[in-house]
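Asker: The structure under discussion is supplied below as structure tokens; questions concerning it will follow.
Please treat every number below as a calculation from the coordinates, not as lab data. None of these values were measured; they are calculated from a predicted model. Here Cβ is always computed from backbone atoms with ideal geometry, including for glycine, and neighbour counts include all displayed protein chains.
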Amino acid sequence: MNSPLREIRLWVDGVPRSAWLKLESSNPTGSSKDRTAEGLIADLLAQDRRPREPTVVESTSGNLGIALARVTAREGLNFVAVVDPRTTGQVLSTLQSYRAEVKMVKNADSFGSFLPARLALAEELARVNPRAVWVNQYVNPANPLAHYWGTGQEILSQTNGVIDALYAPVSTGGTLAGAARAIRERRPSVRIVAVDARGSVALGGTPGPRLLTGIGSSRPSSHLGRQDVDEVYRVRDEDAFAYCRALKAATGLILGGSTGAVLAACASDLAMHPDLKCPVCICADSGDRYAETIYDDQWLAAQGIDLPSLARVGFKTDSALPRNGE
């Protein structure tokens with residue numbers, strides 16, 4: 001897919017630092033999940049024992065569902081997206097435009113997560129329908145493999161192999177697991193930083209409520225362990241939202257909430273590691289699907305979110321310059 005890499009300049013503790021953003025928003029449906037969807041469906045179609053013209057089932061918070069809807073429509077497959085009440089109207093309408101069937105769960109766990117209910121329904125739908133296949137991004141090795149061959153190899157090419165740190169949001173862990181493996185095969189010393197949401201248990205941590213979507217999980221990652229990364233940053237909702245807003249104001253880039261979390265982690269990490277010269281941040285999606293949340297002042301106020309001042313870090317407005325891959 002060859003998504004672009006763009007340089008930004010951050011002022012970290014008064015010192016200008018470079019970081020490169022891997023803009024997955026340029027993919028066909030606007031997120032890194034396009035790669036995951038292509039990998040999951042290619043793996044399914046390669047299986048000798050798959051049902052003829054199967055119905056694909058998957059749990060989704062938004063991006064993967066849209067990506068799978070596109071790929072299954074192209075391949076002439078049926079698709080059932082298992083969603084929850086936090087799924088935005090824009091996502092639902094996009095799914096329906098691809099003729100996907102939508103199943104919505106209503107029961108959240110004690111921390112407000114709908115993931116356990118979504119996974120349970122996806123499993124049940126595949127069990128009762130002999131033609132249905134649950135592709136299950138949470139355990140399917142085709143997920144990280146898509147990012148090993150795609151995201152990781154592209155970053156190596158675009159940085160001419162000199163990347164020295166990688167920052168990526170974690171949910172299933174597939175994106176970071178695959179990209180990190182590819183990069184470390186060529187650059188064993190690269191610093192690998194996992195970025196998680198406060199309240200997520202994807203890589204340990206204490207479960208709790210969170211507003212960030214597209215990052216974090218209420219179950220541990222099957223693709224990535226704490227031992228696979230050098231550092232884990234767990235970012236608060238309000239810090240992620242503040243970085244999204246600051247990036248938009250300074251550069252015009254409108255990106256999703258997980259990118260705000262990644263930038264917050266990157267800025268903190270750069271302050272501790274002045275030697276890093278080529279840090280790369282995987283920016284999973286665009287901000288258009290967050291117009292009613294992160295970029296809506298009324299929504300933030302309704303959630304009781306008071307965005308913090310980014311006194312330590314600023315973005316230099318004239319430095320979002322294209323690099324290889326555009």
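Asker: Could you tell me whether residue 91 is part of a strand (DSSP E or B) and hydrophobic (A, V, I, L, M, F, W, C)?
Answerer: On the way: part of a strand (DSSP E or B): no; hydrophobic (A, V, I, L, M, F, W, C): yes.
Judged against the criteria, residue 91 is not a match.
Asker: Taking the residues in the range 17-50 that are part of a strand (DSSP E or B) and in contact with a Pro (Cβ under 9 Å, 6 or more places away or on another chain) as candidates, determine which candidate is farthest from residue 169 (Cα to Cα). Can you show your working first?
Answerer: Of the range 17-50, the ones part of a strand (DSSP E or B) are 17-23, 31.
Add one more test, that the residue is in contact with a Pro (Cβ under 9 Å, 6 or more places away or on another chain), and what stays is 17-23.
Details: 17: 21, 18: 19, 19: 16, 20: 15, 21: 13, 22: 12, 23: 13 Å.
Per the criteria, the residue is 17.
Asker: Just give me the residues in the range 265-305 being surrounded by fewer than 18 Cβ atoms within 10 Å (Cβ to Cβ), aliphatic (A, V, I, L, M) and in contact with a Cys (Cβ under 8 Å, 6 or more places away or on another chain), in sequence order.
Answerer: none
Asker: Given the conditions (1) under 21 Å from residue 69 (Cβ atoms); (2) touching a helix residue (DSSP H, G or I) at 6+ places or on another chain (Cβ under 8 Å); (3) crowded, with 22+ Cβ neighbours inside 10 Å, report the number of the one that residue 155 does not fulfil.
Answerer: (1)
Asker: Take the conditions under 16 Å from residue 215 (Cβ atoms), hydrophobic (A, V, I, L, M, F, W, C) and either touching an Asp or Glu at 6+ places or on another chain (Cβ under 9 Å) or not in a strand (DSSP E or B) (or both) and apply them to residue 126. Does it pass?
Answerer: Numbers: under 16 Å from residue 215 (Cβ atoms): no; hydrophobic (A, V, I, L, M, F, W, C): yes; either touching an Asp or Glu at 6+ places or on another chain (Cβ under 9 Å) or not in a strand (DSSP E or B) (or both): yes.
When the stated conditions are applied, residue 126 does not pass them.
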